[in-house]
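Nothing in this text is a laboratory measurement; each read-out follows from the coordinates by a stated rule. Everything numeric in this text was worked out from a predicted model, so none of it was measured. Cβ: placed from backbone, ideal geometry, glycine included. Neighbour counts: every protein chain shown.
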Amino acid sequence: MKGCRPLTDPEADLIVESFDGKYAARNRAIFNLELYTGERISAILKLRIGDVVQSGKILEHITYRRQNRKGKIEGRTVRLHPVAKAAVFEWINQLAAGTILTSSDYLFRSRKGPNRPISRVCFHRILQDAVQKNGFVGKVATHSMRKTFADRVHKALGNDLFRTQKALGHKNINSTVQYLSYKEADIEEAILKM
């Protein structure tokens, strides 16, 4: 988390457009889940088919299991944004073409088999490739999407820090404040305008 920055909306769009090749749909689904649910990459990669699909339909809410989240204290349920839902739908359709899926299979399975998800290091490399293609400046990493989510939610909630804390699933308000610490440039700008 330290040092990485949130993405602007145009940067997020460019990254999504940069994913290509055989796993483009998978990469868009991972990226959009992190961007629109604000969950950590490690929890997203541990999602199983049954966590997002029931009775052949993508769920409206996604639950990240307690054992897959940082601290392993409690799970977190988040409303699935239509953009993320569409990306997951596209990936599942591609995944299902030629494979029999079970609810216990990893959604983002490794090429090493359905019993292993891809690693966060693997997705970090994929993201870095997209970042380099677009020539972004500043540190952009997998946690940048979580910071982007925090920024968007904070803005949408009228800068309400307590509801932003709940949206991120933080136990401590200081964690939420750290996510928004990049806004210090706004403070400096306000001081200069006085």
* **Residues 81, 143, sorted so that the one with the fewest Cβ neighbours within 10 Å comes first** => 81, 143
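Starting from the Cα gyration tensor of the stretch 9-134, take the square roots of the eigenvalues, sort them a ≥ b ≥ c, and report rounded, prolate or oblate (rounded when a/c is under 1.5, otherwise prolate if a/b is larger than b/c, else oblate).
Values: a/c = 1.38, a/b = 1.21, b/c = 1.15.
Judged from the Cα gyration tensor, the stretch 9-134 comes out rounded (a/c under 1.5).
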* Structure fact -> Answer in debye to the nearest 20: the dipole magnitude of the chain about its Cα centre, from +1 Lys/Arg and -1 Asp/Glu charges placed on Cβ, is 960 debye
* Structure fact -> Counted neighbours (other Cβ, 10 Å), sorted fewest up, put 44, 30 in the order 44, 30
* Asked: Of 46/112; 57/112; 112/139; 46/85, which pairs sit farther than 20 Å apart, going by alpha carbon to alpha carbon?
  -> 57/112; 112/139
* Asked: residue 105's amide H: which non-local residues (gap 5+, or another chain) put their own amide H closer than 5 Å, with H modeled 1.01 Å from N in plane and none for Pro or chain starts?
  -> 49, 50
* Structure fact -> Restricting to aspartates and glutamates and to Cα separations under 18 Å from residue 193, and discarding same-chain partners fewer than 8 apart, the set is 184
* **residue 58 versus residue 160: modelled label distance in nm, points set 7 Å from Cα along the beta carbon direction** => 2.7 nm
